[in-house]
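One structure below.
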Amino acid sequence: MDLTDPALVLGGQSCSRVNRESGTEIYDIYVPVYLDGAFAGILLVGTSMGTTAAAVRTTTLLVFAGTSFACLIFVYTMFANFHPNQQLVHLAYHHSLTGLPNKVYLEEP
C-alpha cells in the first residue's frame, strides 16, 4: 500500500497484517490527515489482534457452555415430567380402585 497517496486512504481503510518478528496478527487503520485542506500525512492506528482473538475464544466457549446447560435443563425437565404425566393420563381414563377403563376411555374415539 502506497501511504503517500491520499486517494488510497481517503475512506480510512483498514488492513490486517502479520508481524514478522513475533508472528502475531496486527490490525491497522490508516486515517488521512489534512492540514489547511492539504494532505499532510497518514495517522496509523494499530492494535494487536491477540487480545481480540482471546476474547472471541472465551465468548465462544461461554456461549457453547450456556447453550449446553440450557439444553440439559430442558431434557431433564422433559424426563422429570414424563412419568407423572403418564400417571395422570392413566388416572383420567381408568377407575382408581379396579384399574379398569372408565366411561371417558370407552367413549373416546
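Tallying residues that are at pLDDT below 85 and within 30 Å of S22 (Cβ to Cβ) within segment 36-68 yields 13.
Of the residues examined, P84 is one that is farther than 30 Å from S22 by Cα and either in contact with a His (Cβ under 6 Å, 6 or more places away or on another chain) or in a helix (DSSP H, G or I) (or both). Pairs meeting the criteria (first residue in segment 76-105 and open to solvent by 100 Å² or more (accessible area, probe 1.4 Å), second residue hydrophobic (A, V, I, L, M, F, W, C), beta carbons under 7 Å, at least 6 apart or on different chains) are lacking.
Listed conditions (1) surrounded by fewer than 11 Cβ atoms within 10 Å (Cβ to Cβ); (2) modelled with pLDDT of 80 or more are all met by T4, apart from (2). Counting the residues of segment 21-42 that are open to solvent by 70 Å² or more (accessible area, probe 1.4 Å), part of a loop (DSSP other than H, G, I, E, B) and either basic (K, R) or within 30 Å of A54 (Cα to Cα) (or both) gives 2.
Is there a residue being in contact (Cβ under 8 Å) with a residue 24 or more places away in the chain, among the hydroxyl-bearing types (S, T, Y) and either open to solvent by less than 60 Å² (accessible area, probe 1.4 Å) or not in a helix (DSSP H, G or I) (or both) anywhere in segment 56-72? No, segment 56-72 contains no residue that is in contact (Cβ under 8 Å) with a residue 24 or more places away in the chain, among the hydroxyl-bearing types (S, T, Y) and either open to solvent by less than 60 Å² (accessible area, probe 1.4 Å) or not in a helix (DSSP H, G or I) (or both).
The values are calculated or read from the model by the stated rules, or taken from the named source; none is laboratory data. Small disclaimer: the values here were computed from a predicted structure and weren't measured. With ideal geometry, Cβ positions are generated from the backbone for all residues, glycine too; neighbour counts draw on all protein chains shown. These area figures cover heavy atoms from the full protein model, side chains too; ligands, DNA and RNA do not enter into them. Shrake-Rupley method; radii C 1.70, N 1.55, O 1.52, S 1.80 Å.
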